[in-house]
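Working notes, beginning with the structure itself.
What follows is calculated from the coordinates using simple rules that are stated; it is not laboratory data. What you see is a predicted model; the values in this text were computed from it and never measured. Using ideal geometry, Cβ is built from the backbone for each residue, glycine included, and neighbour counts are taken over all protein chains shown.
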Amino acid sequence: MKKIIIVPYFLLLFLISTTLTSAESDYYQPAKDSKEELVMDLFFSLLLPNIQEAVSNYYSDYLTESPLVYPYQINILNLERIGTSFVFSVTLEVTPVLGAHNPVGRDQLTFSIAPNEVKLKDFKHMETFELPPHLQNIIKKK
């Protein structure tokens, strides 16, 4: 009788574990150590000052300290070439943090990128996260 109960139990555990481990990320991730990963990391590094400026401007109305965005907290939602030129539109999702990686929110930024020019076209604040007690003092009073 025990064998009859144990076999379905292990079968159920196997199905659950394979379902959980094979879940795909919502964001595209290039193969580890590939040239594509290298180019993507370079792209994020070059765009990071523009991202940081947009995030700092938005959160300056709500916080006394500027949250940081790390390159590994940037995801590409959409990237397209405009026409046949070297003009691109990119929409990113970022998670700015304070202190020891305390997320403050989730934001979408859309940039227009052309040779020698990066312009913020849209900034959407998607979600606000509760700050831990030790960071409550940096929230601006209304």
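For Met126, indicate whether it is crowded, with 16+ Cβ neighbours inside 10 Å and either in a helix (DSSP H, G or I) or out of contact with any Leu (no Cβ under 9 Å at 6 or more places or on another chain) (or both).
Answer is no for this residue.
Does any residue of the stretch 93-107 turn out to be under 22 Å from Pro30 (Cα atoms), polar (S, T, N, Q), in contact with a helix residue (DSSP H, G or I) (Cβ under 8 Å, 6 or more places away or on another chain) and surrounded by 13 or more Cβ atoms within 10 Å (Cβ to Cβ)?
Yes, the conditions are met somewhere in the stretch 93-107.
Give me a count of the residues in the stretch 56-69 that are surrounded by 13 or more Cβ atoms within 10 Å (Cβ to Cβ), touching a helix residue (DSSP H, G or I) at 6+ places or on another chain (Cβ under 9 Å) and over 13 Å from Arg106 (Cα atoms).
Matching residues across the stretch 56-69 total 3.
With respect to Ile74, determine if the residue is closer than 18 Å to Gln52 by Cβ and in contact (Cβ under 8 Å) with a residue 12 or more places away in the chain.
So Ile74 fits the description; yes.
Inspect all residues belonging to the stretch 53-60 and state whether any of them is outside any helix (DSSP H, G or I) and over 14 Å from the mean Cα position of the chain (by Cα).
Within the stretch 53-60, one or more residues are outside any helix (DSSP H, G or I) and over 14 Å from the mean Cα position of the chain (by Cα).
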